[in-house]
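Note sheet for the following structure.
The values are calculated or read from the model by the stated rules, or taken from the named source; none is laboratory data. Source: prediction; values computed, not measured. In this analysis, Cβ positions are derived from the backbone assuming ideal geometry, glycine residues included, and neighbour counts consider all displayed protein chains. The accessibility values were calculated without ligands, DNA or RNA, using every heavy atom of the protein model including side chains. Shrake-Rupley method; radii C 1.70, N 1.55, O 1.52, S 1.80 Å.
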Amino acid sequence: MEFFRNGLEESITLPKPPIVDEDEILLGELPVPGGTDQENYQAAFELLKEQEYELASLAFIRFLSSFPGSSLIDNAQYWLSESYYAANQFQQALDQFTKVIENYPRSRKVSDALLKIGYCHFELGDWNQARSVFEKIQNDYPDSTVAKLAEQRIKVLNDRNL
């Protein structure tokens, strides 16, 4: 809610639902026990933004098992993948980004997941596979941001003779 006082804008935020502590997440609790899918998704996403990658991945894993019918399920799968990627766990990230494409083929996150699959192959030193993914992105998503990013990475491969 926003209120105006003397021409100045003053924001009042509603209290956030209580988030369990790190030990409880590690023991298998949702970040917001008894909370909605939206509340738990947002709590997991906040952990990711705070660079708490292990806790974020656990929170997204709990989300996926607790809310399989949620409209946020594809995004949760994508951000779970990102939590591994950000923690430099490229093989786990690769496996999880692949699930985005396989399990949610109509998701808006598919092109982003495909780009990150290419990045994972690149980070793992699988240059041919990375190049193949980047070329697929350019063919399947021409004139998109992901195609431009794929082109940049192909240039790096070319510059390094990889």
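Some points to look at:
- Within the stretch 52-64, the only residue that satisfies the criterion of being open to solvent by 20 Å² or more (accessible area, probe 1.4 Å), in contact with a helix residue (DSSP H, G or I) (Cβ under 7 Å, 6 or more places away or on another chain) and either without any contact (Cβ under 8 Å) to a residue 12 or more places away in the chain or more than 14 Å from residue 96 (Cα to Cα) (or both) is 53.
- Among residues of the stretch 133-150 that are closer than 16 Å to residue 98 by Cα and without any contact (Cβ under 8 Å) to a residue 24 or more places away in the chain, those with a beta-carbon under 8 Å from a residue that is β-branched (Val, Ile, Thr) and open to solvent by less than 70 Å² (accessible area, probe 1.4 Å) at least six positions away or on a different chain give the pairs 133/117; 134/154.
- Flag for residue 110 being surrounded by 19 or more Cβ atoms within 10 Å (Cβ to Cβ), touching a Gly at 6+ places or on another chain (Cβ under 7 Å), free of Cβ contacts under 8 Å to residues at least 24 places away in the same chain and not charged (D, E, K, R): no
- Scan the stretch 132-155 for residues that are exposed (fewer than 14 other Cβ atoms within 10 Å of the Cβ) and either touching a Ser or Thr at 6+ places or on another chain (Cβ under 6 Å) or aliphatic (A, V, I, L, M) (or both) and the total you get is 0.
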